[in-house]
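Written out below as structure tokens is the structure these notes cover.
What follows draws every value from the coordinates through simple rules; no lab data is involved. Everything numeric in this text was worked out from a predicted model, so none of it was measured. A quick note on method: Cβ atoms are made from the backbone with ideal geometry, for glycine too, and the neighbour counts reach across all protein chains shown.
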Amino acid sequence: MLSQLHIENVAIVDKIDICFEKGLNVLTGETGAGKSIIIDSINMVLGERTSRDLIRSGEDKAVVEALFYVDSESACEMLAQMGIELDDDRALLISREITATGRNVCRVNGRIVTSAMLREISKYLVNIHGQHDNQALLQWDKHIEFLDRYAGDELLKIKEDYQQVYEKIRGLENEMRKISGDERELERKIDLLQFQLEEIEKAKLKPGEEEELTSQRLLMSNTEKIMQSVSNAYDILYTGSRSTSVYDGISEALKNLGEVERFDERLRKFYKALEDISYQLDDVIRDIRDYRDYLEYDPALLESIEQRLDLLFKLKRKYGSTIEEVLDYCNKVKKELEDIFNREERRKKLEGEIEKYTNRLEQLGEMLSQCRKEAAKELEQKIINELKDLDMNKVRFKVKVDKMWDKSGSIEFTRQGCDRVEFLISTNVGEQLKPLAKIASGGEMSRIMLAIKTVLADADEVNTLIYDEIDIGVSGRAAQKIAEKLSYAAQKKQILCVTHLAQIACMADHHYLIEKNTHENRSITSVQKLTLQNRKKELARIIGGAAITDLTLKNAEEMIRMAEEVKGLRGSFSKASIGSFKNKKGHV
């Protein structure tokens with residue numbers, strides 16, 4: 001259940017906090033007041049794609065936080081797998097922050113998660129139905145998803161196994177195509193691969209070779225300068241051709257200190273330290289002499305290094321950015337050539353594997369079909385019952401499950417299985433069953449989708465349903481039926497509903513008014529939970545528009561009274577039960 005929602009700097013929202021309750025939570029307000037911002041914010045905190053454009057003008061970041069209480073055991077298991085711990089009351093605090101620089105930070109109970117993880121978590125928390133969902137009903141290829149979702153875990157497990165086998169077959173078929181191409185094209189490919197292999201192997205590459213050659217080239221290119229510097233250093237330290245050498249100077253100093261060091265402990269330390277330096281200097285002078293004598297400029301060697309580095313550069317340009325990558329590519333070429341030369345043997349093996357996995361695919365596809373046919377009978381009857389409750393008494397509804405056939409007359413297998421699922425409907429007596437796209441009006445489509453959503457909601461563990469203006473194209477008696485259906489469903493699920501219809505608003509267990517005001521030349525959206533008196537005024541506004549009269553107020557009061565009677569008959573919160581509920585929970 002969604003308990004609290006905090007929105008900050010989103011579109012025209014400055015900062016608002018909303019506390020939602022159990023039952024039917026209705027949000028109303030003028031067009032453009034910001035109702036869609038509430039839904040967009042919920043989508044944002046649930047990990048849906050969003051844009052920096054959503055950040056309020058002049059601000060650096062937008063923040064949305066949502067507090068849920070988790071009832072689903074499946075949700076608890078999934079969260080545990082993600083390493084997210086719940087406390088005893090199973091509170092789940094989700095936050096998401098987007099900045100003007102593009103930074104996106106998502107947290108669940110204080111732990112940083114990815115947007116993808118948020119979307120996975122949201123599947124167990126909220127189902128959102130908006131106007132665009134009706135379009136899914138017009139696309140027959142989407143109907144299979146509705147049916148599979150209704151069928152539940154048993155079918156979904158079979159479907160998961162089926163799709164794994166399906167992807168395995170696709171991989172094997174791709175490999176088969178690679179080794180079964182045009183013979184001339186294959187010969188050209190062999191020539192190319194053999195040329196590449198010979199070119200790389202002829203170079204006899206060694207890991208780390210390039211770095212070593214580069215170091216040698218640097219040395220050889222600066223031999224003259226190095227020779228001069230090393231000779232000067234040797235002269236200064238030892239030969240002293242220009243003046244007294246360092247070596248002679250230290251020797252003279254040691255001689256002098258040696259004559260007096262026995263007289264004072266400090267002199268003895270000086271002597272010892274200088275003596276150590278003398279030994280070290282001997283080693284350094286010897287090493288410098290050896291280096292000087294060894295160093296020799298060899299133009300031919302430098303030229304060979306340059307040529308080798310040029311070869312390495314050309315190979316890297318063709319086959320990889322490093323020597324190691326070139327060698328890896330060489331191994332891949334060897335493997336590909338080996339597969340091509342052994343293609344007949346490999347082809348036979350692939351054919352056997354494809355046949356084995358195809359048999360398994362057919363078995364799983366048939367199991368999927370059987371599960372779908374069984375679920376289809378249940379689903380269509382439940383949807384018919386829901387539609388009758390929504391004042392579509394004469395409706396006939398069918399979930400048609402047929403095999404798909406390819407041009408050769410064989411069963412066609414896709415990633416979804418081998419079935420074509422389509423919803424057919426007849427809304428009037430005497431009419432044949434036809435696809436939804438050809439018969440249903442906008443108002444009928446809203447009711448059909450509500451019926452499907454209601455049935456699917458009963459089949460899953462999600463406890464919060466959000467309906468964003470599902471009343472488009474609906475009025476009168478049909479609107480009343482939708483309102484009653486939402487109220488009835490709200491006994492088992494928490495429902496948030498954005499609406500423009502008085503029939504739905506009057507059924508609210510909790511009514512929120514979304515308003516847009518101007519402050520310091522800026523538009524600001526606010527949310528107010530309405531008291532009974534304010535509910536009457538808001539309903540009067542919905543009924544009569546801008547002018548609220550005594551008559552529209554009386555009509556609003558009458559609608560609320562009748563709604564309470566309906567909810568009482570439905571077993572919802574009647575006037576008599578509201579007081580006791582308040583005493584137990586502390587709020588309505």
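Suppose only helical runs count, i.e. DSSP H with n ≥ 4. What mean residue ellipticity at 222 nm does that imply for the chain under -39500 (n - 2.57) per run, divided by all residues and rounded to the nearest 500 deg cm²/dmol? Please report the intermediate quantities before stating the final value.
Numbers: 21 runs with 334 residues, N = 588.
Per the formula, -19000 deg cm²/dmol.
Can you tell me the equivalent ellipsoid semi-axes for the stretch 426-530? Use √(5λ) from the Cα gyration tensor, largest first, whole Å.
On the way: eigenvalues 191, 64, 32 Å².
Three semi-axes, in Å: 31, 18, 13.
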Electrostatic dipole magnitude of the chain [Cβ: Lys, Arg +1; Asp, Glu -1; Cα centre; debye, to 20] = 3080
For LYS189, counting only aspartates and glutamates whose alpha-carbon sits under 17 Å away and dropping same-chain residues fewer than eight positions off, the answer is GLU175, GLU198, GLU199, GLU336, GLU338, ASP339, GLU344
In Å, the Kirkwood estimate of hydrodynamic radius for the chain over Cα pairs equals 32.1
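Rounding to the nearest 20 debye, state how big the charge dipole of the stretch 263-360 is about its Cα centre with +1 on each Lys and Arg Cβ and -1 on each Asp and Glu Cβ.
On the way: 22 positive and 25 negative charges, 164 e Å.
Roughly 780 debye, rounded to the nearest 20.
I'd like the Kirkwood hydrodynamic radius of the stretch 1-63, using the inverse of the mean 1/r over distinct C-alpha pairs, in Å.
Working: mean 1/r = 0.0796 Å⁻¹.
For the stretch 1-63, the Kirkwood estimate is 12.6 Å.
Which net charge results for the neighbourhood of ALA91, defined as the other residues with beta-carbon distances under 15 angstrom from its beta-carbon, given Lys and Arg at +1 and Asp and Glu at -1? Mind dumping the intermediate values first?
Details: positive: ARG90, ARG107, ARG111; negative: GLU65, ASP71, GLU85, ASP87, ASP88, ASP89.
Net charge around ALA91: -3.
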Tell me the label-point distance for the pair LYS178, TYR279, using the 7 Å Cα-to-Cβ offset, in nm and rounded to one decimal.
-> 6.5
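I need the peptides 356-364, 500-508, 103-111, 372-380 ranked by packing, meaning the mean over residues of other C-beta atoms within 10 angstrom, with the highest value on top. Let's see the in-between values first.
Details: 356-364: 16.6, 500-508: 25.6, 103-111: 14.3, 372-380: 18.2.
By packing density, highest mean first, the sequence is 500-508, 372-380, 356-364, 103-111.
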Between the stretch 1-48 and the stretch 147-182, what is the C-alpha centre distance in whole Å?
-> 40
Say the dipole of the stretch 53-198 comes from +1 at the beta carbon of Lys and Arg and -1 at that of Asp and Glu; which of LEU197, MET78, VAL165 then lies farthest toward its positive end?
-> LEU197
Charges only on Cβ, +1 for Lys and Arg, -1 for Asp and Glu: so what's the dipole of the stretch 161-284 about the Cα centre, in debye to the nearest 20?
-> 260
Separation between the VAL429 and LYS332 pseudo-spin-labels, each 7 Å from Cα along Cα→Cβ, expressed in nm?
-> 7.1
For the stretch 81-117 and the stretch 330-401, what is the separation of their Cα centres, given in Å?
-> 35
Name the residue farthest towards the positive end of the dipole of the chain from the options GLN491, MET445, LEU553, assuming +1 on Cβ of Lys and Arg, -1 on Cβ of Asp and Glu, about the Cα centre.
-> LEU553
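Length gain on complete extension for the stretch LYS206 to LEU218, per 0.36 nm per residue less the alpha carbon to alpha carbon distance? Present the calculation step by step, with values, prior to reporting the outcome.
Numbers: separation 12, 0.36 × 12 = 4.32 nm, distance 1.96 nm.
2.4 nm is the gain from fully extending LYS206 to LEU218.
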